[in-house]
Amino acid sequence: MRKAAAWRRVLREALPEPPARVLDVGAGTGALALLAAELGHRVTALDLSEGMLAVAKRKAAQRGLELDFVVGRAAEPPPGPFDAVMERHVLWTLPEPERALAAWRSVCAPGGRLVLLEGSWGGDGPLERARELAAEAVRRLRRVPHDHHAPYPEEVLAALPLARRSSPRPMLEAVRRAGWRAVRIKRLRDVEWAQLQQEPRLLSLLEHRPRYAIVADA
Ligand SMILES: C[S@@+](CC[C@H](N)C(=O)[O-])C[C@H]1O[C@@H](n2cnc3c(N)ncnc32)[C@H](O)[C@@H]1O
């Protein structure tokens with residue numbers, strides 16, 4: 001299964017029935033926001049970066065999709081209300097993740113849902129560091145670019161409460177402390193499998209990480 005197909009299936013299962021009002025926080029160039037719009041949702045794509053949203057806008061126009069685009073901070077979402085707030089690979093990069101989680105709950109309609117699409121990106125022990133360095137070396141040698149961004153510097157990672165966690169537990173606890181209820185988690189094996197198929201063998205083994213969806217109710 002290709003990555004887009006795997007993610008489409010994840011969204012179909014995790015989001016409410018379409019058409020729902022969906023906020024994609026840190027939407028970037030719109031990979032998931034556009035998939036959600038294709039599934040029939042009314043999507044608002046929020047991102048700090050005008051440049052990223054400009055790419056998302058262009059892609060939406062090419063695919064004949066209508067979305068709302070908002071430039072702004074994750075912790076200051078548009079008022080909504082939304083039936084679902086989702087994010088992929090953004091929450092762990094925030095210095096105050098609980099503040100953002102609480103803000104997202106405040107813009108949810110009654111019965112609204114949180115959908116976090118994340119992974120355990122490793123710990124900070126010596127074995128994990130060795131694995132990261134080996135993966136970086138393979139990327140350089142094989143000239144494989146990152147599909148997201150270069151690794152964060154050490155001092156930046158140290159200030160992020162959810163960075164480099166080897167377990168989803170701290171994220172689950174942050175979600176609960178921010179007031180979300182019925183918090184559940186599901187491993188995304190199709191996404192992991194699709195990722196393995198699309199990268200060079202050694203790199204995919206070195207960078208293989210558990211992916212999961214955390215879903216909760218407002
Ligand atoms: C790793 S990318 C993920 C993009 C998209 N969610 C995806 O999965 O394809 C992170 C995105 O979050 C955005 N971002 C990071 N911090 C943010 C913040 N505090 N508020 C809004 N957007 C933020 C970045 O500009 C970037 O587009």
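Worth pointing out:
- Computed from point charges on the beta carbon alone (+1 for Lys and Arg, -1 for Asp and Glu), the dipole magnitude for region 53-137 about its Cα centre is near 340 Debye.
- Protein heavy-atom accessible surface, 1.4 Å probe, per residue over region 170-218: 51 Å².
- A 1.4 Å probe run over the protein chains yields, for region 1-125, 45 Å² of accessible area per residue, whole-number rounding.
- Within the chain: Cβ-based charge dipole about Cα centre, in debye rounded to nearest 20 (Lys, Arg +1; Asp, Glu -1): 640 debye
- Neighbours of residue 71 by Cβ distance under 12 Å: Lys/Arg scored +1, Asp/Glu scored -1, total -2.
- Cα gyration tensor category, rounded, prolate or oblate, for region 57-149 with a/c compared to 1.5: oblate
- Here's the picture: charge each Lys and Arg Cβ at +1 and each Asp and Glu Cβ at -1 in the chain, and of 171, 75, 18 the one pushed furthest to the positive end of that dipole is 18.
- Antiparallel bridges, percent of DSSP beta bridges restricted to the chain (to nearest 5): 40 percent
- Fraction of the pair-distance distribution of the chain above 24 Å, Cα-Cα pairs, percent: 43 percent
- Of the peptides 184-190, 21-27, the order by per-residue mean of other Cβ atoms within 10 Å, starting with the highest, comes out as 21-27, 184-190.
- When +1 charges are put on Lys and Arg Cβ atoms and -1 charges on Asp and Glu Cβ atoms, the dipole computed for region 13-63 relative to its Cα centre reaches about 240 debye.
- Solvent-accessible area of residue 146 with every protein chain in place, 1.4 Å probe, in Å² to the nearest 10: 60 Å²
- Portion, in percent, of the accessible area of the chain that falls on carbon or sulfur, probe 1.4 Å: 53 percent
- The spacing between region 55-118 and region 1-53, judged by their C-alpha centroids, is 9 Å.
The values are calculated or read from the model by the stated rules, or taken from the named source; none is laboratory data. Bear in mind the structure is a predicted one, so any value in this text is a computation, not a measurement. Heads up, the Cβs are rebuilt from the backbone with ideal geometry, glycines too, and the neighbour counts pull from every protein chain shown. Each accessible area value is taken on the protein alone, full model and side chains, heavy atoms only, with ligands, DNA and RNA left out. Shrake-Rupley method; radii C 1.70, N 1.55, O 1.52, S 1.80 Å.
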